[in-house]
Amino acid sequence: MEITKHLLMNLSLLLVLLFFTQLIIERQTKEKSRTMLQKSYFILSILTCFIFSIEAQEGIRFDLRHVPMILGSLYTGHSFLLAGVTILMRGFMGINDGFWTSAGLYIILAFLLIWIHSWFSRLSLNQRVGVSILLTLMTSFVLIELIGFVNEPINHPEAWISFLIIPALTSGLISYSIETIRQSLLIRQKLAKADKIEAVSHLSAAISHEVRNPLTTVKGFLQLLGEQSYPEEKKQEFIQIAVQELERAEEVINDYLTFARPALEKVEDIDVEKEMNQVLNVLNPLANLNGVKIKRKYSPGLKISGDRSKFQQGFINLIKNGLEAMPDGGELTVQTFNTGHVVHILVRDTGIGMTEEQMARLGEPYYTTKGQQGTGLGMMVTFSIIRAMKGKVEIKSQPGKGTTFHIRFNITNDRYKNGNPSE
Ligand code: ADP
Ligand code: MG
């Protein structure tokens, strides 16, 4: 049973090795490094087989070295390299008749494999697995015959059986795994492509809708203004509508650009109070329009790190929603404080609130309950910015009562930088 056990151990080592190589290959984006890693896998497998080979009879060592040699040649096409490695390793075990025989065999095998390599790659998945098994079985047979011929004949029935079956089994398992892995990689690439195409078509739909429409309106008004002379009042009205439309288009473009590049461009210290005030200033006209009272409860001097303009944009989108949720007035509270290393920012409104279902969809692109007025991009952008700044968001909302956004960031005030706060 020793031989079977050893060969089975060879088998499991090759599979484990395949598993780990695959994990590393998955992370590679360059085709070149993938092929390099694949080649290395087969070379390493050959070495492993040599290290864990078993002496079946005096001077006769059994292992699965021909399996990675055959599979490697079939899948990567580097049969001479792999044959070279195999022969070299065999050389370390002594140059004798056995060495020359196996060198001869591997060279012939290398020629044969390079010859069928391109035919092999055109086969179907199942055919490739079948050919791998068959070739391994034939090589095992020739090997064991040759060994018997050079040394004394193998009289171990177990050696015969396990040396024919286990390599074929290993070959089948490995080539089946390689095929499955390739298949799933292909599927993933197709999915990624489909995703990209979908994103582009959404984008073009959004641009035609959100940007072209306002532009058409503005163009119309400008033409009207150019063609006739209107009373001053009417002119002012046209101009106001045109500016509003342009602002909307600008907002959509801003959101798209921020979302397309969520990585922070500049990382600097952000003074939370200062930036929040800036955000509230921008939104002040909207708050007045809706009759919303803004309450600020700041804990002074809190700092976090990130991109200032993105931080502003994220909170403009978030607080704007709060204001829009209170068309008939209400109260919007912005509160900041820290607990240890964490800066908390709370934005609370007393608006229409959201149902569970609405909360679950929040941040989904194009999800809006505002009909023509909404873009459904605001929260998606806010979430992507907070994520890029390594922040966490928690949302509580009750229909008819209001909504609270609770955001946590890491503090970067000097006294927190090294070790514990010295309060
Ligand atoms: P938009 O504001 O263009 O609709 P957003 O992504 O900013 O898109 O918001 C998506 C949806 O989430 C809104 O249409 C609204 O239904 C809901 N929402 C977001 N914030 C609030 C809030 N503070 N109160 C109530 N509903 C909200
Ligand atoms: Mg919004």
Residues in the stretch 20-36 that are crowded, with 17+ Cβ neighbours inside 10 Å and at pLDDT 90 or above total 1
Within 16 Å of ligand 2 (Cβ to nearest atom) and not assigned by TED's automatic domain parsing to the domain that holds residue 252 - does that describe any residue in the stretch 408-423?
-> no
Note: among 390, 370, just one is surrounded by fewer than 15 Cβ atoms within 10 Å (Cβ to Cβ), within 22 Å of residue 276 (Cα to Cα) and among the basic types (Lys, Arg), namely 390
Checked against (1) more than 12 Å from ligand 1 (Cβ to nearest atom); (2) out of contact with any strand residue (DSSP E or B) (no Cβ under 9 Å at 6 or more places or on another chain); (3) in contact (Cβ under 8 Å) with a residue 40 or more places away in the chain, residue 317 satisfies every condition except (1)
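Quick grid of which residues meet (1) touching a Lys or Arg at 6+ places or on another chain (Cβ under 8 Å); (2) hydroxyl-bearing (Ser, Thr, Tyr); (3) in the same structural domain as residue 373 (by TED's automatic domain parsing):
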position: 297; (1), (2), (3): no, no, yes
position: 328; (1), (2), (3): no, no, yes
position: 331; (1), (2), (3): yes, no, yes
position: 339; (1), (2), (3): no, yes, yes
Scanning for something within 25 Å of residue 256 (Cβ to Cβ), crowded, with 18+ Cβ neighbours inside 10 Å and touching an Asp or Glu at 6+ places or on another chain (Cβ under 6 Å), does the stretch 280-303 turn up at least one residue? no
(message) Being modelled with pLDDT of 95 or more and buried (at least 16 other Cβ atoms within 10 Å of the Cβ) is the requirement here; does residue 316 meet it?
(response) no
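Can you name every residue in the stretch 322-354 that is of a type outside the set (D, E, K, R), over 19 Å from residue 408 (Cβ atoms) and within 16 Å of ligand 2 (Cβ to nearest atom)?
Passing the criteria: 323, 325, 326, 327, 332, 351, 352, 353, 354.
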**OP:** Consider residue 73 carefully, then state whether it is in contact with a Leu (Cβ under 6 Å, 6 or more places away or on another chain), among the polar types (S, T, N, Q), within 16 Å of residue 175 (Cα to Cα) and assigned by TED's automatic domain parsing to the domain that holds residue 6.
**Re:** yes
Exactly one of 207, 187, 161 is surrounded by fewer than 13 Cβ atoms within 10 Å (Cβ to Cβ) and closer than 30 Å to residue 257 by Cα, and that residue is 187
Margin query: When you check residue 279 against the structure, is it under 39 Å from the mean Cα position of the chain (by Cα), among the aliphatic types (A, V, I, L, M), in the same structural domain as residue 362 (by TED's automatic domain parsing) and at pLDDT 85 or above, yes or no?
Written below: yes
Taking the stretch 183-226 and the residues there that are acidic (Asp, Glu) and without any contact (Cβ under 8 Å) to a residue 40 or more places away in the chain, the one that is nearest to residue 22 (Cα to Cα) would be 195
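The values are calculated or read from the model by the stated rules, or taken from the named source; none is laboratory data. All values reported here derive from a predicted model rather than from experimental measurement. Quick reminder, even Gly has a Cβ in these numbers, built from the backbone with ideal geometry, and neighbours come from all protein chains shown.
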